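A quick write-up on the structure given underneath.
Read-outs: derived from the displayed coordinates by stated rules, not from any lab. Remember, it's a predicted structure, so these values are computed and weren't measured experimentally. Methodologically, a virtual Cβ is constructed for each residue, glycine included, from the backbone with ideal geometry; neighbour enumeration extends over all protein chains shown.
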Amino acid sequence: MSNEHKYDVICLGRAAVDLYGKQIGAKLEDISSFNKTLGGSSANIAFGTARLGLKSSMLTRVGDEHMGRFLKQELEQVGCDTSHVVTDPDRLTGLVLLSIKDNDSFPLLFYRDNCADMAIDVEDFDAEYISSSKALLITGTHFSTKQTNKTSRKAIEYAKRSGTKVILDIDYRPVLWGLTGIGEGENRFVSNDSVTQHLLSILPSCDLIVGTEEEIHIAGGSTDTIQCLRKIRSISDAEIVVKRGALGCSVFDKQIPDSLDEGFTSFGVQVNVLNVLGAGDAFISGFLRGWLRDESYQQCCAYANACGALVVSRHGCAPAIPSEYELDYYIERQDEISRPDLDDELNYLHRVTTRKPQQWPELAILAFDHRKQFYEMARQLNAETSRIEQLKTLLVKAAELSSKDSSHDCQLGVLIDDTYGQDALNQVTGRGWWIARPVELPSSRPIELEGNCSIGTRLETWPKEHIVKCLVFFHPDDQHSLRLAQESRIAELYQSCCISGHELLLEVIPPAGMPVDENTLVRTMQRFYNLDIRPDWWKLPAPNTNTWQKISNLIAERAPHCRGVILLGLDAPLSDLEKAFKASANFDICKGFAVGRSIFSTPSRAWLKNDINDDQFIEQVKSNYLRLVTAWQNRKD
């Protein structure tokens, strides 16, 4: 296939929000909480192919509301083009409720009555757009109504005219063809001659047809798979891929033999099945990774089978699809990994290679998550502690004004607690800022976590964009029982973050009174890595040049997907911090600073004493903050 295309594949069809039941084993009517993810077969494939490195584009409609915006954000996050995701002002985005009852039962309900994606129109695209792609993929549901059928056939017409390959994912859902009761979304097969004839009229235009055996049955009008394949072959020269679940898949590009195994057959790896929903979308995403790059059937099927195996072992559809890096790792070791869901390294790779891309090459973080320090400051100055909340909202304003200063290129970040800073957190959430918030009980050693519930329960209430920050006073030569207690609590926190999907920033400060040399921080980090605790971020006291080199080497060896190291302030004078920045100048792993008291202590005291007003406070904080930003930007001079 020619590489002179803007896109590898355009996916036309369903785009919906999946609401996935979190309680495994419960009936759908008994589910009490749901995870919200991108869904819809076509959107899953657009998402999956983009995650696997293809240039994908989504052609659909979404509602002019929160869920429609969510779907566009999710597609864009993995690099999928959304220029032709049309916002429909009159219809809502479709919803699907799903659950896992057991290994064979996956109840689901489609909420798609007059939904946005079924209103897609020929006016939503043109011939130039379709011709800009190597391939056009359409899923079967978008031939099920007069409107979608007309639109899909127009897209095929444009594709055939320009030489764009046409791919049909049969994606047969009887309920979406009106063949079952509205509550029977789990039903995968109902024979119907009208649907068969409809599909047969489309197949001659296809270059690739993909379906399960049941989907081949509806396309061919029989329950004899070979007979159906021969029926399809009699009217179509398309390559046909039959998905066979745990048995892998078979590909047919010529005459149909007497058995499926006589086609090009690639047998799948046996894994424990948690959830089959979304496995087919992952399968075709993997297959297209190879097929659209002219790779062999052996390689295409290896990608496809591995993607399917990984997704059936996980909870969810689109989020379960692997990244390129993760997929290649698994294929090399799949005979050794019988339980992908329990493999620590594979789960780590899935977590770090599918998370939101790094948006902040360098960070200037204003840290005011302090609780104990603000409380003691207010008491010392005979100020009402209730004023601390207002003070923190003023700090947000100072940070915001600083970021708008045209003389500085600020990569704005904030570190805010929810004890006094909940209003401040609410103000900054959803604005694209780097945001972290603490979980540790201030000054605790051994480390204790705040709150009256488990950390996992607490994180369920946090927005995903909030990074979990934990400060631990730790020394590798701590008394054995103390060190084990601290490590156990950090391991619990790390696992909770892995489950909740939050990133973890681990702040490490050697305890006062213990000897510290240039290896202390390195040994501490190495100890956590030995326990398979791999934070997304580190926050550390400023190291010297030798220590920086050792830290860089350690992270490159043990956790190359680490976001980076942030320097902390420890209430040091601004002049000292400026010198510390220079030591980090030649180390890319250092992504910035997170400084608080050095910036806000003096202005905060003056404000609490009523010596300065709000505007003066903001201006003083801004001045101190921008001084550090300037020092950071000039650290290499």
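Details
- Translational diffusion of region 162-266 was estimated from the Stokes-Einstein equation, with Rh taken as the Kirkwood radius over Cα pairs; at 20 °C and 1.002 mPa s the coefficient is 153 µm²/s.
- Order by protection proxy (mean Cβ within 10 Å, highest first), peptides 53-59, 566-572, 292-298: 53-59, 566-572, 292-298
- Using only side-chain charges placed at the Cβ, +1 for Lys and Arg and -1 for Asp and Glu, the dipole size of the chain relative to its Cα centre rounds to 980 debye.
- Convex hull volume of the Cα atoms of region 554-619, normalised per residue: 113 Å³.
- Globularity ratio of region 42-146, using Cα Rg and 2.2 N^0.38 Å: 1.13
- For the chain, the fraction of alpha-carbon pairs in successive 20 Å shells from zero, as %: 18, 44, 29, 9, 0
- Descending by average beta-carbon neighbour count within 10 Å, the peptides 351-360, 67-76 line up as 67-76, 351-360, the highest first.
- Ordered by the count of other Cβ atoms within 10 Å of each Cβ, fewest first, 581, 264, 47 give 264, 581, 47.
- Rounded to the nearest 0.05, the FRET efficiency derived from the C-beta distance between residue 66 and residue 356 at R0 = 25 Å is 0.85.
- Both radii were evaluated on the Cα set of region 20-101; the Rg over Rh quotient, with Rh as the Kirkwood radius, amounts to 1.04.
- Relative contact order of the chain, taken over Cα pairs closer than 8 Å and 6 or more residues apart, is 9 percent.
- Rg/Rh, computed from the Cα trace of region 363-633 with Rh as the Kirkwood radius, has the value 0.95.
- Note on residue 479 and residue 557: the extension gain reaches 25.3 nm, defined as 0.36 nm multiplied by sequence separation minus the Cα-Cα distance.
- Nitroxide proxy distance, nm - points 7 Å out along Cα→Cβ at residue 347 and residue 390: 4.8 nm
- With contacts taken as Cα pairs under 8 Å at a separation of at least 6 residues, region 7-353 carries a relative contact order of 15 percent.
- The long axis of helix 297-312 is offset from the longest Cα principal axis of the chain by roughly 60 degrees.
- The share of alpha-carbon pairs in region 7-353 lying farther apart than 34 Å comes to 17%.
- Zone of residue 267's modelled label, taken as backbone nitrogen in region 306-342 under 20 Å from a point 7 Å along Cα→Cβ: 306-310, 331-340
- Relative contact order of region 242-358, taken over Cα pairs closer than 8 Å and 6 or more residues apart, is 22 percent.
- Computed helical MRE - 222 nm, the chain, DSSP H runs ≥ 4 contributing -39500 (n - 2.57), nearest 500: -12000 deg cm²/dmol
- If you wrap the tightest convex hull around every Cα atom of region 94-158 and split its volume per residue, you get 113 Å³.
- Rounded FRET efficiency, nearest 0.05, which uses the C-beta distance separating residue 619 from residue 517 and R0 of 51 Å: 0.80
- Pairwise label distance in nanometres, residue 146 with residue 545, each label 7 Å out on the Cα-Cβ vector: 7.8 nm
- Against the rule of thumb 2.2 N^0.38 Å, how large the Cα Rg of region 424-485 comes out: 1.37
- A straight Cα-to-Cα reach below 16 Å connects residue 150 with the lysines 160, residues fewer than 8 places away in its own chain not being considered.
- Loop-resident sites, region 438-489, for trypsin sites (Lys or Arg not before Pro), counting at most 13 other Cβ within 10 Å (DSSP): 464
- As a calculated quantity, the FRET efficiency between residue 627 and residue 570 at R0 = 22 Å, using C-beta atoms, amounts to about 0.80.
- Residue exposure sequence - 508, 468 - by fewest surrounding Cβ within 10 Å: 508, 468
- Gap separating the Cα centres of region 281-346 and region 13-53, nearest whole Å: 18 Å
- Each principal axis of the Cα atoms in region 126-196 has its own extent, and those three values, largest first, are 40, 21, 19 angstrom.
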